[in-house]
1. Report yes if residue 129 is assigned to a loop (DSSP other than H, G, I, E, B) and not aromatic (Phe, Trp, Tyr), otherwise no.
2. Yes or no: the stretch 51-67 includes at least one residue that is part of a strand (DSSP E or B), touching a strand residue (DSSP E or B) at 6+ places or on another chain (Cβ under 7 Å), within 25 Å of residue 140 (Cα to Cα) and touching a residue at least 24 places away in the same chain (Cβ under 8 Å).
3. Looking at the stretch 32-50, which of the residues that are touching a residue at least 60 places away in the same chain (Cβ under 8 Å) and assigned to a strand (DSSP E or B) is farthest from residue 144 (Cα to Cα)?
4. For the stretch 32-52, how many residues are within 15 Å of residue 86 (Cα to Cα) and surrounded by 20 or more Cβ atoms within 10 Å (Cβ to Cβ)?
5. Sort through 20, 29 and tell me the only one that's touching a residue at least 24 places away in the same chain (Cβ under 8 Å), buried (at least 17 other Cβ atoms within 10 Å of the Cβ) and under 14 Å from the mean Cα position of the chain (by Cα).
6. Taking the stretch 1-17 as the region of interest, how many residues are surrounded by 12 or more Cβ atoms within 10 Å (Cβ to Cβ), outside any loop (DSSP other than H, G, I, E, B) and in contact with a strand residue (DSSP E or B) (Cβ under 8 Å, 6 or more places away or on another chain)?
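Just so it is clear, none of the values below were taken in a lab; they were calculated from the coordinates. Just so it is clear, the model here is predicted, and its values are computed rather than measured. Note that we place each Cβ from the backbone using ideal geometry, even for glycine, and neighbour counts take in every protein chain shown.
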Amino acid sequence: MIAEPVLSERSEHGCTVPLLVWRLHEPVLAISSAVLGGGIGPCEWLVNASVPMSYDRGDPAAHLREIAAGLGLSGPGVGLLTGVDVADVVGTDDGGVRLWATVGLGAPVQAAADAGVVAPHAGTVNIVAWVPRRLSDGALVNAVATITEAKTQAIRELGLAATGTATDAVAVLCPPAGAAADYAGPRSQWGQRLARAAYRAVLDGGAVNLAGVQSWSERRAAAG
């Protein structure tokens, strides 16, 4: 099991901004769709940082590198951004799988939208998952698909005609050594556990988000 994320903060443009930091005791193997650290490879840390819903920087990977450097993080890692307050992270467990989700559904979209549809402001569902068994490269890809399917199932059950948001990201971590599991589909041993954990996290986090919990930037504005 990897350590729980630590809720930290950074100072940016005179504001205190929340972020989640996973400092891994030893490198793991990761697959991610994140803008920083995407692909398959070693991972020594992860960051999930809140940004304003109006976020429009054209260099998010560089921004995340700045954040990581400010935290003293080095080596390969994964960086995620979200428009919601990462303090509202939801953690779930299932049979050795540990999963964390920050769920922002203020800008839901259908993946197969009509041509010309413009993505609205940032929302983002970010999911980080740990599997205690080494997964083959194919199973890692399968795990991302399985989590995405479970996320969509939860979003539909929340009453939204959507598959997610335009900026969702996933990171799946596993040990870098040992006999590899070849499958992570929704009926495989590890895939079904990932699916259940992702479904519950997105369902619970999405219900809170849709109930009107404020984003980080809205909370800051309300606080003056």
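1. no
2. Within the stretch 51-67, none of the residues are part of a strand (DSSP E or B), touching a strand residue (DSSP E or B) at 6+ places or on another chain (Cβ under 7 Å), within 25 Å of residue 140 (Cα to Cα) and touching a residue at least 24 places away in the same chain (Cβ under 8 Å).
3. Applying the filter and picking the extreme gives 50.
4. 6
5. 20
6. 5
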